[in-house]
Amino acid sequence: MQPSSLAGLPAGVGEALEAEGVAELYPPQEAAVEAGVADGESLVAAVPTASGKTLIAELAMLSAVERGGKALYIVPLRALASEKKTEFERWEEFGVTVGVSTGNYESDGEWLASRDIIVATSEKVDSLIRNGAPWIDDLTCVVSDEVHLVDDPNRGPTLEVTLAKLRKVNPGLQTVALSATVGNADVIAEWLDAELVESDWRPIDLRMGVHFGNAVDFADGSKREVPVERGEDQTARLVADALDTEEDGQGGSSLVFVNSRRNAESSARKLTDVTGPRLTTDERDRLRELAEEIRSGSDTDTAADLADAVEKGSAFHHAGLRSEDRARVEDAFRDRLIKCISATPTLAAGVNTPARRVIVRDWRRYDGEFGGMKPLDVLEVHQMCGRAGRPGLDPYGEAVLLANDADTKEELFERYLWADPEPVRSKLAAEPALRTHVLATVASGFASTRDGLLSFLDNTLYATQTDDEGRLAAVTDTVLDYLAVNDFVERDRDDGSESLTATGIGHTVSRLYLDPMSAAEMIDGLRSVARDAGAATAGADGEAGEFVRTGDDGDEPGFGTYARPGEDGSPDEGEVEGEAEETGGKATDEAATDSPEVTPLGCYHLVSRTPDMYELYLKSGDREEYTELCYEREAEFLGDVPSEYEDVRFEDWLASLKTARLLEDWANEVDEDRITERYGVGPGDIRGKVDTAEWLLRAAETLARDVEGIDGDAVVAVREARKRIEYGVREELLDLAGVRNVGRKRARRLFEAGIETRADLREADKAVVLGALRGRERTAERILEHAGREDPSMDDVRPDKSASAAATAGSASDDDGEGQASLGDFR
DNA sequence: CGTCTTTGGTGTATTTTTTAGAAAC
DNA sequence: AATACACCAAAGACG
């Protein structure tokens, strides 16, 4: 079937596809068309990666648009959202408009309502529904990419409930679900009332095999000799072998999957011996440039290690990398510049990075709940293997699992090569998931009685899958109890059927996209401020579920009268320069012996112990260190500290404290590389934590305003803490850091040179500005422009030497990671 | 025989990931 | 639970 023969698409689309080289539809695509994707029929397509799933979605969406409708494309990752958006934008020349909406990026200018195709993450869609985005009921087609993720315990339920809601709002909605090959695609199809297209067909051959000894044995019976000498590294040999086998004038790149970040990094380092010597001079030059970019973006060890590897044509890839670096690595790999990536499983699910050869080195990974090393899911391994074979470049793709002995080889064949992927199973009937979604469902009017709620939940995958009718209802009831106790929903059971309404706070929590348990924790913590001060009717809600604390505060120093510490009411950390170590605590201890003051650390701990913040875990010596810190700064915590000896939550409390202090360090301008060292995290993790904290603090601020019984000063303190996190600066730099292109470092340098505010920037001597910015004219001009200066031009301005000296001196310990002496003894 | 390198053994520490909100001159 | 790595001792290589 030829694209141009398809009816129902916008004029010219079929021809454009042929011009792109799509002469014939692939068999699964043809089956999809026969099933009616282009005529508004719902469809589940369970086919391997890279076998043309996207085109199926495009046919559905474009034909829907041609009929005057509007389409939504749901992805699991933000990075995927932008990838898809650019892909779909090629249809704009046929009059189809595309928009994107994710947590960090919203389509510019034009409002999403006017867009024909919208790309968004599942959480974002959920949030849009909760906040009543007007265009939701205009949708006629929804595509759910990677729908097998409904199996994920964390995020699956969101997708499941979101699809159910969309279908409820728009009864005739065409639903197209794209899935990897899974064990029970038919069940998904049944759930969505959709036709099913299932196929193993791939445009490029995929050969899967196991390497053991001196050869790879493929599942199809063929064999490839790859001898490994004694003492040689198995992975290295396979990577070298792929590189030395030329197919279209070039050797093939490899993707190595390992089970930890550390392994990814060390594997990449080792593989430089393979990739480095095989580079051309030109490649070497371009890689050096790329490495330089990576180095200059961040002065952490991680970045330095990555740059060192990249220079030699090898790279590692994991969530500890900053997203810019991840993208750089992916791009350079696609451009065939980087020859080999060693990655944690992130990469398998992420943006498209095909390789000639995929090597699955580790097939087990640590799982605390499981209590040891757990074998990867078949589905996961298949996803990794699916990355093998670059369309248009490779005649075939190879996926190789590694075994060190004959038994393992046998097991790998059994377990992965000859096995079907496991079925997806809904994880909806779990408390954390239902807590959130039950509240949202009630708050956004999808159900107003218990029965209504249950019948809504009947539209989920869980309901179509389970035989245990009672379980969902049982969990729902527990969750409803929880929500009622915490005042998020109100129940009225005067007649037989119980009516449900969301309270004001309940609505707020739902719209803020908070886990209700996070909200409860935050409200409780914030209220404790007023309670400790004896200022408000704190215990009012003392009937208390397990998470509303009814502590006895008798022994806390803060019990008694609440006196405001200073006129501005904002906690001041003092003017300590450079070294941030252990500030705050001491200063406030004395000033506040009899008044609970809301400090940044208090706020950071509050949000860090919330279930919406992913925990940093405690390493060896951390327990003692943070226990000590816990007592030292006891007065700063909002809410009661669990007992060290009797309370199992103490351990979690310490882990949260670790996160909280990381955030405090960030807000105290501690250097990025020092934070990574101190907490054993990557630069990407810092960003992640900071982002989440910012979001949660914003939510906390809203809650503090809307909920009764919270001291007004607490609102101010939370806002302050949030702003400092947002820019990563101390209080005195907040104004400066708000100027575009001025981050924490530049702000500090300007400040040291005597330019302390945005207004100063407009008036200051240009020479001083330029000096403080280390003579970077372009940056200086841009900054002055953003600060609103009339004449930002830096022509003929010479940098002021003393300003640059002051800036460097004043910020030496912050910028350049000197000053190690003061840090040396923290272990 | 002395020094440097390689090998092998023991003990210890460590272990993936993603999303959400929204604002000012 | 399994591995990587650091550390150390013993053995070997070489002049």
Practice task
Note down the accessible area of A:LYS619, probe 1.4 Å, to the nearest 10 Å².
Solution key: 100 Å²
Practice task
Could you check how much of the accessible area of segment A:205-417 is carbon and sulfur, as a whole percent, using a 1.4 Å probe?
Solution key: 43 percent
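Kindly identify chain A as rounded, prolate or oblate by the Cα gyration tensor criterion: order the square roots of the eigenvalues as a ≥ b ≥ c, call it rounded if a/c is under 1.5, otherwise compare a/b with b/c, prolate if a/b is larger, else oblate.
Numbers: a/c = 1.58, a/b = 1.21, b/c = 1.31.
Oblate is the answer for chain A, as a/c is 1.5 or above yet b/c matches or exceeds a/b.
In terms of solvent-accessible area of protein heavy atoms at a 1.4 angstrom probe, what is the ranking of A:SER455, A:SER253, highest value first? It would help to have the intermediate numbers written out before the result.
Numbers: A:SER455 65, A:SER253 5 Å².
Correct descending sequence by accessible area is A:SER455, A:SER253.
Can you give the % of DSSP beta bridges in chain A that are antiparallel, to the nearest 5? Working shown, then result.
On the way: 17 of 66 bridges.
Restricted to chain A, the bridges split so that about 25 percent are antiparallel.
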Completion exercise
With x for Gly and Pro, the residue-by-residue ³J(HN,Hα) of segment A:293-304, computed from phi through the Karplus equation 6.51 cos²θ - 1.76 cosθ + 1.60 at θ = phi - 60° and given in whole Hz, is 4, 5, 4, 6, x, 7, 9, 8, 4, 4, 5, 5
Practice task
Read phi for every residue in segment A:770-777 and hand back ³J(HN,Hα) as whole Hz from Karplus 6.51 cos²θ - 1.76 cosθ + 1.60, θ = phi - 60°, with x for Gly and Pro.
Solution key: 4, x, 4, 8, 6, x, 7, 5
Practice task
Consider a paramagnetic label point 7 Å from the Cα of A:ASP477 along Cα→Cβ; state which residues of segment A:438-453 have an amide N under 19 Å from it.
Solution key: A:438-439, A:448-453
Completion exercise
Once both label points are put 7 Å beyond Cα along the C-beta direction, the A:ALA759-A:GLU20 separation in nm becomes 5.6 nm
Handout entry: Where only alpha carbons of segment A:205-417 are counted, the Rg and the Dmax (Å)
Key = 16.4, 49
Exercise for the section: Using a 1.4 angstrom probe on the protein heavy atoms only, line up A:GLU628, A:GLU636 by accessible area, largest first. Expected result: A:GLU628, A:GLU636
Problem - Solvent-accessible area, 1.4 Å probe, carbon plus sulfur percent, for segment A:1-152 - result: 49 percent
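Take every Cα pair under 8 Å in chain A that's 6+ residues apart, average their separations, divide by the length, and report that relative contact order as a whole percent. Mind dumping the intermediate values first?
Working: 1475 pairs, mean separation 76.0, N = 827.
Relative CO of chain A lands at 9 percent.
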Handout entry: Calculated FRET value between A:ASN104 and A:GLU410, using beta carbons and R₀ = 45 Å, to 0.05
Key = 0.45
Problem - Debye log10 I(q)/I(0) at q = 0.11, 0.16, 0.21 Å⁻¹ for segment A:1-90, Cα point scatterers - result: -0.29, -0.64, -1.15
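Using a 1.4 Å probe on the protein chains only, how many percent of the accessible area of segment A:431-511 belongs to carbon and sulfur?
On the way: 1490 of 3420 Å².
About 43 percent, which is the carbon plus sulfur part of the accessible surface.
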Completion exercise
So the FRET efficiency between A:GLU422 and A:ASP691, C-beta based with R0 = 25 Å and rounded to 0.05, is 0.15
Problem - Accessible area per residue in Å² at 1.4 Å probe, computed on chain A - result: 42 Å²
Fill in the blank from the handout: Sorted list, accessible surface of protein heavy atoms, 1.4 Å probe, largest first, for A:TYR727, A:TYR617, A:TYR482 is A:TYR617, A:TYR727, A:TYR482
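Working from the pairwise distances between different alpha carbons, so that the mean of 1/r is found and then inverted, what is segment A:431-511's Kirkwood radius in Å?
On the way: mean 1/r = 0.0791 Å⁻¹.
Mean inverse Cα-Cα distance, inverted, gives 12.6 Å.
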Handout entry: Centroid-to-centroid separation of segment A:464-532 and segment A:622-641 [C-alpha atoms, Å]
Key = 30 Å
Practice task
Quick one: accessible surface of A:TYR26, probe radius 1.4 Å, all protein chains present, in square angstrom to the nearest 10.
Solution key: 90 Å²
Completion exercise
Ordered by number, the trypsin sites (Lys or Arg not before Pro) in segment A:5-95 that occupy a DSSP loop and have at most 16 other Cβ atoms within 10 Å are A:ARG67
Fill in the blank from the handout: For segment A:446-462, Karplus-derived ³J(HN,Hα) couplings (6.51, -1.76, 1.60; θ = phi - 60°; whole Hz; x for glycine and proline) come out as 7, 7, 10, 9, 4, 5, x, 4, 5, 6, 5, 5, 5, 8, 8, 4, 3
Handout entry: Gained length - A:ASN352 relative to A:TRP135, 0.36 nm times residue gap less alpha-carbon distance
Key = 75.1 nm
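Normalised by the residues of segment A:388-529, what does the relative contact order come to in percent, with Cα pairs under 8 Å and at least six apart?
Details: 130 pairs, mean separation 32.7, N = 142.
Answer for segment A:388-529 is 23 percent.
For chain A, what does the helix formula give at 222 nm: sum of -39500 (n - 2.57) over DSSP H segments with n ≥ 4, over the residue count, nearest 500 deg cm²/dmol?
On the way: 35 runs with 369 residues, N = 827.
That calculation yields -13500 deg cm²/dmol at 222 nm.
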Practice task
At 7 Å along the Cα-to-beta-carbon direction for both A:SER793 and A:THR245, put a label point, then send me their distance in nm to one decimal.
Solution key: 6.3 nm
Completion exercise
Once amide hydrogens are built 1.01 Å from N within the peptide plane, the residues lying 5 or more places from A:VAL256 or on another chain with amide H under 5 Å from its amide H are A:ILE341, A:SER342, A:ALA343, A:ILE359
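Quick one, can you get me the convex hull of the C-alpha atoms of segment A:659-762 expressed as volume per residue in Å³? It would help to have the intermediate numbers written out before the result.
Details: hull volume 11.2 nm³, N = 104.
Hull volume normalised by residue count: 108 Å³.
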Fill in the blank from the handout: Applying the gyration tensor rule to the Cα atoms of segment A:275-317 (axes a ≥ b ≥ c; rounded if a/c under 1.5, else prolate if a/b exceeds b/c, else oblate), the class is oblate
Practice task
Mind grabbing the accessible area of A:PHE446 for me, 1.4 Å probe, Å², rounded to tens?
Solution key: 40 Å²
Problem - Net lengthening on full extension, A:ALA304/A:GLU732 (0.36 nm per residue, minus Cα-Cα) - result: 150.9 nm
Exercise for the section: Averaging sequence separations of C-alpha pairs under 8 Å and six or more residues apart, then dividing by the length of segment A:431-511, give the relative contact order as a whole percent. Expected result: 40 percent
Fill in the blank from the handout: Where a ≥ b ≥ c are root eigenvalues of the Cα gyration tensor, a/c under 1.5 meaning rounded, otherwise prolate if a/b exceeds b/c and oblate otherwise, segment A:26-198 counts as rounded
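The values are calculated or read from the model by the stated rules, or taken from the named source; none is laboratory data. Just so we're clear, the structure is a prediction, and the values are computed from it rather than from any experiment. In this analysis, Cβ positions are derived from the backbone assuming ideal geometry, glycine residues included, and neighbour counts consider all displayed protein chains. SASA here: full protein model, heavy atoms, side chains in, ligands and nucleic acids out. Shrake-Rupley method; radii C 1.70, N 1.55, O 1.52, S 1.80 Å.
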